[in-house]
Amino acid sequence: MSRLPGKTLARRIPAAIAGTAAVVALTAGSAMISAGTAAAEPVVPEGIAALIAQAAAISPEASAAVQQLIGTAGADQITTALDLPDIGVTKPQSFMYPAPTVGCGVAGEPVTVTLSSAQAGPNFPLPPWVEADHLRFQAITGYVGIPKTSGLSVAWINVGTFKGGIVPLDEKLPVLDTPLLSKVVDTGDGKVFAALFGNVDYADGKTCIVLPTVGAFDA
C-alpha cells in the first residue's frame, strides 16, 4: 500500500523544524557561552584552579584527565589568557647520593639517610606546581615522625648564568603549618649544581642532622 504524500510531508515537517530548532539552540548556546566567558573572565581562573584541585584530591587518573581536558581546550590559549604557568609534566631528579643523617633513625638507630631531589618546571597542572626555569628542591628523611621545624637549606649555582644563592627549605603545609622540607627556587634556565644540608626537628624531640649531598640538575 503506497503512502500518501500529504502524510509523509506531515511527518517530515516537524522533524525538520525540530532539527532546525536544535541547530539554532546549539548556536545560541555557543554564543551565550562565548559571551558569558568574556563577561565573567575574572572568575575563570578560580574555576580552573578549583577543577584542578578537585581532580588532584580524587586520584592521579582524575588529574591526568583534567590535564588532557585543558590540553584539548587549547592549553596555550588558556595559559596565555589566564597568565597561568606553562603546562607540562616533569620527573624529580635525584641528588647524586642519599645524604648521611645522624641523630635519628629507625628502630632506635642513631643513623639513617635523607633522600633528596629537584623537580624542574613547567610542572602544571599536576602537583607540585613548578614554573618554567624553576627548580623545586625537596627532601625526605629516613625517620618516621612529624617535622616541627626545618633547618634544611640548599646552596645552588647556575653554571650558565653564574646566578646562585643559599635558600632555606621552608615551605609549609598551609592548614597544619607542618614543614614540607621543600622550596621552589627561581634558578633560571640551564644546568644547576646544588648541595643540600641542615637539620630537621621533629615533634617528638628528635633532631635529624643531614650531612651534605650534591647534585646536578637541568632547570
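The values are calculated or read from the model by the stated rules, or taken from the named source; none is laboratory data. Everything numeric in this text was worked out from a predicted model, so none of it was measured. All Cβ positions, glycine included, derive from the backbone under ideal geometry; neighbour counts span all protein chains shown. Remember, those area values only see protein heavy atoms, side chains included, never the ligands or the DNA or RNA. Shrake-Rupley method; radii C 1.70, N 1.55, O 1.52, S 1.80 Å.
Suppose each label sits 7 Å from its Cα in the direction of the beta carbon; what would the Trp129-Lys206 distance come out to in nanometres?
3.4
Once phi is turned into θ = phi - 60°, what whole-Hz ³J(HN,Hα) does the Karplus curve with 6.51, -1.76 and 1.60 give for every residue of segment 93-109, x standing for Gly and Pro?
Running phi through 6.51 cos²θ - 1.76 cosθ + 1.60 with θ = phi - 60° gives 9, 6, 5, 4, 7, x, 7, x, 10, 10, x, 7, x, 9, 6, x, 6 Hz.
Counting other Cβ atoms within 10 Å of each Cβ, which chymotrypsin sites (Phe, Trp or Tyr not before Pro) in segment 130-219 have at most 15 and sit in a DSSP loop?
When the chymotrypsin sites (Phe, Trp or Tyr not before Pro) of segment 130-219 are filtered for loop state and at most 15 Cβ neighbours within 10 Å, Phe162 remain.
What are the ³J(HN,Hα) couplings of segment 204-218, residue after residue, when phi is run through the Karplus curve with 6.51, -1.76, 1.60 and θ = phi - 60°? Round to Hz, x for glycine and proline.
In residue order, the calculated couplings are 8, x, 6, 10, 9, 9, 9, 6, x, 10, 10, x, 10, 9, 9 Hz.
Whole number in Å², please: accessible area per residue of segment 79-219, 1.4 Å probe, ligands, DNA and RNA not counted.
So segment 79-219 comes to 50 Å² accessible per residue, rounded to a whole number.
Under the 0.36 nm per residue contour assumption, what length would be gained going from the current alpha-carbon distance of Ile140 and Ile58 to full extension?
Here the answer is 27.1 nm.
In whole percent, and with a 1.4 Å probe on the protein chains, what portion of the accessible area of segment 96-208 is carbon and sulfur?
65
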